[in-house]
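Below you'll find the structure, written out as C-alpha cells, and then a few comments.
Where a number appears in this text, it was derived from the coordinates with a stated rule and is not lab data. A quick note: this is a predicted structure, and the numbers were derived from the prediction, not measured. All Cβ positions, glycine included, derive from the backbone under ideal geometry; neighbour counts span all protein chains shown.
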Amino acid sequence: MESTQHPATTVDEVANGIYRISTPVPPEAMPGGFSFNQYLVAAEKPLLYHTGPRKLFEQICGAIERIMPVSRLAYIGFSHVEADECGSLNEFLSLAPKAVPLCGQVAAMVSIDDIALRPAKAMADGEVLDLGGHRIRWIATPHLPHGWECSMAYEETTGTLLCGDLFTQPGHANPALTEGDILESSEAFRHQMDYYAHSPETRHHLQRLADLHPTTLACMHGSAWRGDGARLLGQLSDRLTQR
Ligand SMILES: [Fe+2]
Ligand SMILES: [Fe+2]
C-alpha cells in the first residue's frame, strides 16, 4: 500500500458542504480492488471523519488542501479504532493545532485518551455537536458492524449518515455518489468476508439509524449513496437476520 503506487485521490461534494475524499486501491494491490473514503464536513469548525490509513496520509492531506487548509480542522472524528478509521489521527492532530479527536465515550475511554496526542471530545449516545452550519448527532452502535466502541455520526442539516463500514462495496472504480443499488454488491462482499459482529442488538441499532431517515449514506468503502436510507437500512437488517 505504498502511496506512490496509488492512483490520485479524488474529491467530490456528495451533500451540501460534505466532501468525499476517496483513494482507489487497484486489484494489483488488493484482490478485486477497494477504496478508502474520508468525509470532510466543511463547517465553521471543520470535521474530518475518518483519517485513512497512515500509508495514505500524504495524499489524503493533499486532497483536503484542495478544499481548505488542513491546519483549520477542528475535529478528527471516526467510527471505531482501526487503521483506516483513525490510523493517522496523531499526524492530523500535529498539523491542526486546535483539532481534537471526536469519538464515542467507549472509544475515548478504552483507546483514544491513551493513544492520541490530545484528549478526545467524547460524545454520548444522542449528543449533538454544532459545527457552525452543520450539526452532528452521535449514535452509539456497539458491535455494529464491529467493535465495542463503534458509533455512527448523522449530519442533521443535510440528512447525511456517516455510516462507516456499513454497506462496504468492493472495487476501485465506484462513482462518488450513486442512486443505484449498493445493497447487493455490499452483501456479496460481506458473504466473502463477513466483517459483522452479529450482536443480538444488530436489528435494534439499525432501526435507530433508520429512524433518522437519512437521505445520503456516506459509506467508507465504495460509493456514497442517495435515496431512502430508512428503507435501505431496513433491507440490510433483514439480510443480516436471515443468515
Ligand atoms: Fe472497520
Ligand atoms: Fe473501514
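Points worth noting:
- Pair GLU13, ARG231: separation of 7 Å Cα→Cβ label points (nm): 2.7 nm
- Net charge of neighbours whose Cβ lies under 15 Å from the Cβ of ALA74, counting Lys and Arg as +1 and Asp and Glu as -1: +3
- Among the GluC sites (Glu not before Pro) in the stretch 158-190, those located in a DSSP loop and surrounded by at most 11 other Cβ atoms within 10 Å of their own Cβ are GLU179.
- Whether the stretch 1-98 is rounded, prolate or oblate, judged on the alpha carbon gyration tensor where a/c under 1.5 counts as rounded: prolate
- Oblate is the label for the stretch 99-169. Its Cα gyration tensor axes, ordered a ≥ b ≥ c, give a/c of at least 1.5 and b/c at or above a/b.
- Potential lengthening between LEU117 and TRP148 on full extension [0.36 nm per residue; Cα-Cα distance subtracted]: 8.9 nm
- Taking 0.36 nm per residue of sequence separation and removing the Cα-Cα distance, the ASP194/GLU28 pair yields an extension gain of 57.5 nm.
- Where a label projected 7 Å from the Cα of GLN207 along Cα→Cβ would reach, residues of the stretch 145-160 with amide N under 16 Å: none
- Taking a Cβ cut-off of under 11 Å around ALA210, the surrounding Lys, Arg, Asp and Glu residues balance to a net charge of +1, with basic ones at +1 and acidic ones at -1.
- Leading residue at positive end of dipole, the stretch 3-241 (Cβ point charges), from PRO26, THR178, VAL106: VAL106
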